[in-house]
Every structure is written in structure tokens, then in C-alpha cells.
Amino acid sequence: MNPKVDVYFNDGCGRCPLGGTPNCKVNKWTEELRFLRTLVLNTGLVEELKWGVPCYTFQKNNVVIVAGFNQYCSLTFLKGTLLNDAHAILSKPGENTQAARLIKFTSIQEIIDLEPIIKAYVFEAIELEKAGLKVVFNKNTSAIPEEFQLKCDNSPALKSAFEALTPGRQRAYLLHFSQPKQAKTRESRVENCIDKILSGKGLTD
């Protein structure tokens with residue numbers, strides 16, 4: 001376990017004023033999230049803190065994310081669209097999401113019942129990384145880039161703040177995020193702009 005990740009399980013992602021309070025959504029799923037954490041760590045993935053949430057990596061590549069929401073907690077596969085999903089348990093986090101897929105849980109028993117299947121999915125996701133498989137993205141810049149969509153999916157506060165911006169400011173951000181060819185560069189651009197978006201500012205403000 002990575003001590004830096006303990007912050008999330010104790011205080012939440014820190015993206016909203018409810019962090020560290022009894023009303024934080026993480027506190028709704030304490031048992032479930034900790035069980036998922038142990039389950040994923042037992043597959044050999046490396047635990048890191050990214051975007052304010054626990055992210056599990058293989059050779060520095062993001063594989064899965066554990067997170068709590070108001071109505072459910074989840075395990076998100078960053079390249080979930082490439083998984084076989086033989087048990088039809090994966091769903092899209094958002095309408096514009098291209099790569100990520102998640103499993104939603106509303107009780108600890110659901111996770112326990114699915115534990116062997118969840119592990120199989122994680123191991124399949126690891127094999128995708130070993131094989132170097134990539135998701136082919138829709139390059140339409142009018143769509144929300146995957147790196148930004150993922151952060152919005154995991155942060156309702158960020159999603160709301162972005163939607164509150166004027167259409168022109170939204171387009172400027174999306175173009176800025178979409179331009180780089182490398183995923184790491186797109187991810188870095190998104191990360192650098194999160195505070196400005198949460199403050200209601202445009203790209204050049």
C-alpha cells in the first residue's frame with residue numbers, strides 16, 4: 001500500500017469542500033473501497049495517487065482506478081473498451097467516454113460475489129498492457145478528450161465547473177487538450193488547467 005493514497009481513503013479526493021468531513025462520498029463506501037483496494041493490490045499492480053484518486057499501474061501505465069461516488073463506488077478500467085467483458089458488467093462512465101469502462105458497486109456483498117471475475121478482468125487488463133495494445137480514439141476535436149473526460153467522470157465538481165463556463169471557453173480548453181499527439185502531454189495539459197476550470201476561469205484568463 002502506498003501511504004500517499006491513504007489520504008483518499010481518509011479524506012477523499014479533495015476536489016470539493018466536503019473532503020475530510022462525514023459527508024464526503026468516500027465515507028459512504030469505506031468498506032467497499034478498502035476491499036477493492038486490497039483486491040487490486042493482490043493482482044500485483046502498483047498503487048499511486050492520480051487525479052486525487054487511487055490509480056493502479058503496470059510498468060507506469062494506468063490500468064484501473066478505484067473511486068467513490070454519491071450513488072455507487074466503482075472500479076474503472078482505463079482501457080476497458082478493449083476488455084472481452086464476457087459477464088457484461090462494464091459500463092461507460094460518460095456519454096463521450098471512448099476508452100474507459102467501469103464496474104459499479106452498491107454493496108460489499110456485490111464485490112465479494114464478483115471477486116473472482118473482477119480479478120480476471122484486472123489480469124486481462126494487465127495482459128493488454130503487456131501486449132502494448134492501444135485504444136484508437138475518435139480524433140474529432142469537438143468531442144471531449146478522453147484524458148479530460150476521465151477526470152470529469154471522477155470529479156463531479158470539475159464537470160460542473162466546466163459546464164458552467166461559456167461555450168467559447170469550453171471550446172478553447174477542448175482544443176488545447178486535444179492538440180498533442182502524445183497521451184502524456186494531453187494528460188499534463190488537463191492537469192495544469194484543473195484549478196483554473198474550478199475557479200471559473202478561461203484558458204487565457
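The values are calculated or read from the model by the stated rules, or taken from the named source; none is laboratory data. On a predicted model such as this, the values are computed, not experimentally measured, just so you know. Here Cβ is always computed from backbone atoms with ideal geometry, including for glycine, and neighbour counts include all displayed protein chains.
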Handout entry: Verdict on Ile194 being farther than 22 Å from Leu36 by Cβ, in a helix (DSSP H, G or I) and β-branched (Val, Ile, Thr)
Key = yes
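When you scan the range 60-73, how many residues do you find that are of a type outside the set (Val, Ile, Thr), in contact with a helix residue (DSSP H, G or I) (Cβ under 7 Å, 6 or more places away or on another chain) and surrounded by 19 or more Cβ atoms within 10 Å (Cβ to Cβ)? Full working, then the answer.
Residues of the range 60-73 of a type outside the set (Val, Ile, Thr): 60-62, 67-73.
Applying the additional criterion that residues be in contact with a helix residue (DSSP H, G or I) (Cβ under 7 Å, 6 or more places away or on another chain) yields 61, 67-70, 73.
Remaining after also requiring surrounded by 19 or more Cβ atoms within 10 Å (Cβ to Cβ): 67-68, 73.
Number satisfying all stated conditions: 3.
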Exercise for the section: Specify the residue that is surrounded by the most Cβ atoms within 10 Å (Cβ to Cβ); the eligible residues are those in the range 91-104 that are part of a loop (DSSP other than H, G, I, E, B) and in contact (Cβ under 8 Å) with a residue 24 or more places away in the chain. Expected result: Ala100
Practice task
Report the residue count in the range 23-44 for those that are over 17 Å from Gly12 (Cβ atoms) and buried (at least 21 other Cβ atoms within 10 Å of the Cβ).
Solution key: 1
Practice task
Please work out which one of (1) closer than 27 Å to Val26 by Cβ; (2) charged (D, E, K, R); (3) surrounded by fewer than 19 Cβ atoms within 10 Å (Cβ to Cβ) is the condition Glu147 fails and give its number.
Solution key: (3)
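So if I check each of Thr57, Thr76, which one is of a type in the set (S, T, N, Q), over 14 Å from Lys119 (Cβ atoms) and buried (at least 18 other Cβ atoms within 10 Å of the Cβ)? Let's see the steps before the verdict.
Numbers: Thr57 fails: buried (at least 18 other Cβ atoms within 10 Å of the Cβ).
That would be Thr76, the only listed residue that is of a type in the set (S, T, N, Q), over 14 Å from Lys119 (Cβ atoms) and buried (at least 18 other Cβ atoms within 10 Å of the Cβ).
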Completion exercise
Those residues of the range 1-48 which are in contact with a helix residue (DSSP H, G or I) (Cβ under 6 Å, 6 or more places away or on another chain) and among the polar types (S, T, N, Q) amount to Thr43
Exercise for the section: Taking Lys201 as meeting all but one of (1) charged (D, E, K, R); (2) more than 27 Å from Gly12 (Cβ to Cβ); (3) outside any helix (DSSP H, G or I), write down the number of the exception. Expected result: (2)
Fill in the blank from the handout: Only one of Glu115, Glu163, Glu124 is within 27 Å of Val66 (Cβ to Cβ) and either in contact with a Pro (Cβ under 9 Å, 6 or more places away or on another chain) or not assigned by TED's automatic domain parsing to the domain that holds Gln71 (or both), namely Glu163
Practice task
From (1) touching a Phe, Trp or Tyr at 6+ places or on another chain (Cβ under 8 Å); (2) in contact (Cβ under 8 Å) with a residue 60 or more places away in the chain, pick out the condition that doesn't hold for Ser107.
Solution key: (1)
Practice task
Find the residue count for the range 167-188, including only residues that are surrounded by 18 or more Cβ atoms within 10 Å (Cβ to Cβ) and of a type outside the set (A, V, I, L, M, F, W, C).
Solution key: 6
Practice task
Kindly indicate the residue of the range 2-47 that is touching a strand residue (DSSP E or B) at 6+ places or on another chain (Cβ under 9 Å) and on the phi > 0 side of the Ramachandran plot and also modelled with the lowest pLDDT among those meeting that condition.
Solution key: Gly12
Practice task
Within the range 10-59, work out how many residues are under 15 Å from Phe69 (Cα atoms), of a type in the set (A, V, I, L, M, F, W, C) and without any contact (Cβ under 8 Å) to a residue 40 or more places away in the chain.
Solution key: 2
